[in-house]
1. Determine whether VAL20 is under 10 Å from the mean Cα position of the chain (by Cα) and in contact (Cβ under 8 Å) with a residue 60 or more places away in the chain.
2. Of these, ALA53, ALA96, ALA69, which one is under 21 Å from ASN12 (Cα atoms) and free of Cβ contacts under 8 Å to residues at least 12 places away in the same chain?
Amino acid sequence: MATYLEVRDLFNDSDLTNRVAVAVLVSVKDKLEVTPTAAEKSYAAKVFASPQAEAKKVLMYVLAANNGATVAQIQGATDAAIQTNVDAVVDVLIDALAGV
């Protein structure tokens with residue numbers, strides 16, 4: 001299990017941040033391919049304007065969701081595992097942006 005300090009150090013892992021950024025873009029793309037709500041469109045615009053900034057926010061959730069894993073396990077997570085974690089938080093962020 002990674003210590004909290006080790007998890008905090010992962011906030012600055014550029015490879016992990018970049019992987020999360022792509023996962024956020026995929027999640028938003030999936031939402032836009034069906035009938036998107038106004039909130040989903042708004043969040044998509046925010047993501048496309050600054051994918052790295054949104055990725056840093058989402059990365060914090062991904063790390064918290066996997067706090068029982070080791071640093072090596074977190075860094076070695078599959079793209080599918082990261083996508084699952086990202087998809088879980090994107091809806092919450094969409095609602096938060098919409099004030100829900």
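Just so it is clear, none of the values below were taken in a lab; they were calculated from the coordinates. Note that the structure is predicted; figures quoted are calculated from it, not measured. Note that each Cβ is placed from the backbone with ideal geometry, even for glycine, and that neighbours are counted across all protein chains shown.
1. yes
2. ALA53
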